[in-house]
Amino acid sequence: MKLKKSLLLVVLLLISSLIVFGCTKSVTNTPAVQENPSDQLSIVASTSWTALIAEAATGESVDVIAPVELRHPPEYDFKPSDIVAVQEADWVILAGYEGFMKKILESNSIDEEKTIQIRTTNTYDHLVAQTRVIAEKLGTLEIQQSWENEFTNVMNSILEQAENKEISQTKVLVHMHMADFVRSLGFEVLEVYGAEELSPAKIGELSKLNPDLIIDNYHNPQGIAIAEVSGVARVELRNFPGPQHKSIIELVTDNATILGLY
């Protein structure tokens, strides 16, 4: 009886040892869990303008379809690699007027759920509103709020300069695509031009309004003849950020600097 008990005890000890050894071997061979780099958002934007708005909203690096160096990015003709970039992106940001984006989206059955269309106007209210739209979709509201606080401080500084320089008394002719920004700063806008090619008669008519300044559009300048006829200064502002702009705030402050307000 004692012998049977002893044999049973030995068997139990052997089984226990095998179980422990097996478990130990399993644990030591399990690879360590690592962070997945693909957790980072993959965002593609149509132009530098939509890209920097998206970066402000998310804090993420955003890939751009139309080359930043282009003077008028909406006229870009896309490449096959651009289609792949849009297909593989988690999110696609666009403004809606980019013909090349419309072709890519419609021809390749891109999921509408991952596209976000925003309004591209460089006024304080619109930029804040559009960054919030993106941030709500992508869950980056805290990042957007931090950016918004910085942008608010910058705009307050610009508007303070505008008030100190009494720009409400500065009469301007402004290109249609710069009109909202210029009005938001407080300039007196005599008339907006650029909806169509300016005829000699229209150039003469605008010149007779006696503007103090002509605020033109870098991407499609049409005020050169008006400046020559009226003999007043002309400046060009940008809507689409260039290679020198690392943020949408930099673009706004550059435009404000050209106007003597930053």
### Task
Return the residue satisfying two criteria in turn: it lies in region 216-234 and is touching a helix residue (DSSP H, G or I) at 6+ places or on another chain (Cβ under 8 Å), in contact (Cβ under 8 Å) with a residue 40 or more places away in the chain and assigned to a loop (DSSP other than H, G, I, E, B), and of such residues it is surrounded by the most Cβ atoms within 10 Å (Cβ to Cβ).
His219
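Would it be correct to say that Val174 is crowded, with 18+ Cβ neighbours inside 10 Å, at pLDDT 95 or above and in contact with a strand residue (DSSP E or B) (Cβ under 6 Å, 6 or more places away or on another chain)? If you could, list the steps in order and put the result at the bottom.
Working: crowded, with 18+ Cβ neighbours inside 10 Å: yes; at pLDDT 95 or above: yes; in contact with a strand residue (DSSP E or B) (Cβ under 6 Å, 6 or more places away or on another chain): yes.
The answer is yes for Val174.
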### Message
Just the residues that are within 17 Å of Thr123 (Cβ to Cβ) and either of a type in the set (Lys, Arg) or not assigned by TED's automatic domain parsing to the domain that holds Tyr218 (or both), please, taken from region 166-207.
### Response
Arg183
### Query
Looking at (1) at pLDDT below 95; (2) in the same structural domain as Ile104 (by TED's automatic domain parsing), which is the only condition Ile83 fails?
(1)
### Message
Testing Val84 on (1) touching a residue at least 60 places away in the same chain (Cβ under 8 Å); (2) surrounded by fewer than 17 Cβ atoms within 10 Å (Cβ to Cβ), one condition comes back false. Which one is that?
### Response
(1)
### Query
Do we have Glu160 as part of a loop (DSSP other than H, G, I, E, B) and either in contact with a strand residue (DSSP E or B) (Cβ under 8 Å, 6 or more places away or on another chain) or surrounded by fewer than 16 Cβ atoms within 10 Å (Cβ to Cβ) (or both) here?
no
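Taking the conditions exactly as written (charged (D, E, K, R) and either touching a residue at least 24 places away in the same chain (Cβ under 8 Å) or in contact with a helix residue (DSSP H, G or I) (Cβ under 8 Å, 6 or more places away or on another chain) (or both)), does Glu197 satisfy them or not? Working first, answer last.
On the way: charged (D, E, K, R): yes; either touching a residue at least 24 places away in the same chain (Cβ under 8 Å) or in contact with a helix residue (DSSP H, G or I) (Cβ under 8 Å, 6 or more places away or on another chain) (or both): yes.
In short, yes.
The values are calculated or read from the model by the stated rules, or taken from the named source; none is laboratory data. Since the structure is predicted, the reported quantities are computational estimates derived from the model, not experimental observations. Positions of Cβ are generated from backbone atoms using ideal geometry, with glycine treated the same way; all protein chains shown enter the neighbour counts.
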